[in-house]
1. Give the residue that is farthest from Ala98 (Cα to Cα), with candidates limited to residues of segment 126-160 that are surrounded by fewer than 16 Cβ atoms within 10 Å (Cβ to Cβ) and at pLDDT 90 or above.
2. Out of everything in segment 38-62 that is more than 22 Å from Gly90 (Cα to Cα) and surrounded by 15 or more Cβ atoms within 10 Å (Cβ to Cβ), what residue ends up being nearest to the chain's Cα centre (by Cα)?
3. Test Ala69 against the criterion of being modelled with pLDDT of 90 or more and either assigned to a loop (DSSP other than H, G, I, E, B) or touching a Pro at 6+ places or on another chain (Cβ under 7 Å) (or both), and give yes or no.
4. Just checking, does segment 5-25 include any residue being under 23 Å from Val212 (Cβ atoms) and of a type in the set (A, V, I, L, M)?
5. In segment 161-216, what count of residues is obtained for those that are in a strand (DSSP E or B) and surrounded by 13 or more Cβ atoms within 10 Å (Cβ to Cβ)?
6. Any idea how many residues of segment 86-110 are surrounded by fewer than 16 Cβ atoms within 10 Å (Cβ to Cβ) and in contact with a helix residue (DSSP H, G or I) (Cβ under 7 Å, 6 or more places away or on another chain)?
7. Could we say that Ala38 is of a type in the set (Gly, Ala, Ser) and touching an Asp or Glu at 6+ places or on another chain (Cβ under 6 Å) here?
Amino acid sequence: MNVRVNASYETRGPHQPVRIRTQPHPEDLALLLADVEALRQSADVAIVAFHSGVIRLPRVIADYQVAVAHAAIDAGADLVVCHAPHIPKGIETYKGKAIFYSLGVFAMTKPFAAPAWSEPAWVHGAVRNHIDLDPDYPFMPYGRASTLSLLAKVRVSKAGVHRVSFLPMTFDKRYRPEVLRSGDPRFAQVLAYMEWASEDMPHRFATEGDEVIVSE
């Protein structure tokens, strides 16, 4: 189902950027939560997959994403997994349940740059912090972080979710997704990135073998 989003803009003077606030449409959210509650009555585990998020910009989590994810867990979801921004975003634990705000991508290439690259804000470097293109991956025009990805791993039973983790991933030079091993320096790179992306969110990461355990 679609959840419409209401956006409002707060000006903070001529020398500060506009604050964009977004909230899910109340009626749409109510329908989603009714589905989650109904599913929870007939399933051992309920997972919400949510296509959402601000593309390209690292760390930025939209207000509506948090509102929907928290409401879904309040309604009975055991896990929320978001995707769309083309890069990994932060991971949060809310009431003991994990929220992946973006896994990144497993395959996303195109032979031309995004149209935004020619816009004045890009040309002058105003919005390029951390999202310049990686010259080694010319067909992934979503910034350097688009070459990083996560594979979510969840251990479940009739009793519910027992453990949530992720496997760090990247792409080889032929744009094929590659699961990384804990001894690989790139594993540490992805984990460091995820700590940075999740800095302001309740979470704890612990490496166990080749996976990263997510807990409170």
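1. Lys158
2. Quick first cut of segment 38-62, residues more than 22 Å from Gly90 (Cα to Cα) only: 38-45.
Filter once more, keeping what is surrounded by 15 or more Cβ atoms within 10 Å (Cβ to Cβ): 39-40, 45.
On the way: Leu39: 24, Arg40: 24, Val45: 21 Å.
This residue is Val45.
3. Numbers: modelled with pLDDT of 90 or more: yes; either assigned to a loop (DSSP other than H, G, I, E, B) or touching a Pro at 6+ places or on another chain (Cβ under 7 Å) (or both): no.
In short, no.
4. Applying the first criterion (under 23 Å from Val212 (Cβ atoms)) to segment 5-25 yields none.
No, segment 5-25 contains no residue that is under 23 Å from Val212 (Cβ atoms) and of a type in the set (A, V, I, L, M).
5. 20
6. Summing the residues that are surrounded by fewer than 16 Cβ atoms within 10 Å (Cβ to Cβ) and in contact with a helix residue (DSSP H, G or I) (Cβ under 7 Å, 6 or more places away or on another chain) in segment 86-110 gives 1.
7. Working: of a type in the set (Gly, Ala, Ser): yes; touching an Asp or Glu at 6+ places or on another chain (Cβ under 6 Å): no.
Here the answer is no, as Ala38 does not meet what is asked.
Per-residue answers, yes or no, for (1) in a strand (DSSP E or B); (2) of a type in the set (Gly, Ala, Ser):
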position: Ala30; (1), (2): no, yes
position: Gln41; (1), (2): no, no
position: Asp44; (1), (2): no, no
position: Phe50; (1), (2): yes, no
position: Val60; (1), (2): no, no
position: Ile73; (1), (2): no, no
position: Gly76; (1), (2): no, yes
position: Val81; (1), (2): yes, no
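The values are calculated or read from the model by the stated rules, or taken from the named source; none is laboratory data. Keep in mind that this is a model prediction, so the values were computed, not measured. So basically every Cβ, Gly included, is an ideal-geometry build from the backbone, and we count neighbours across all protein chains shown.
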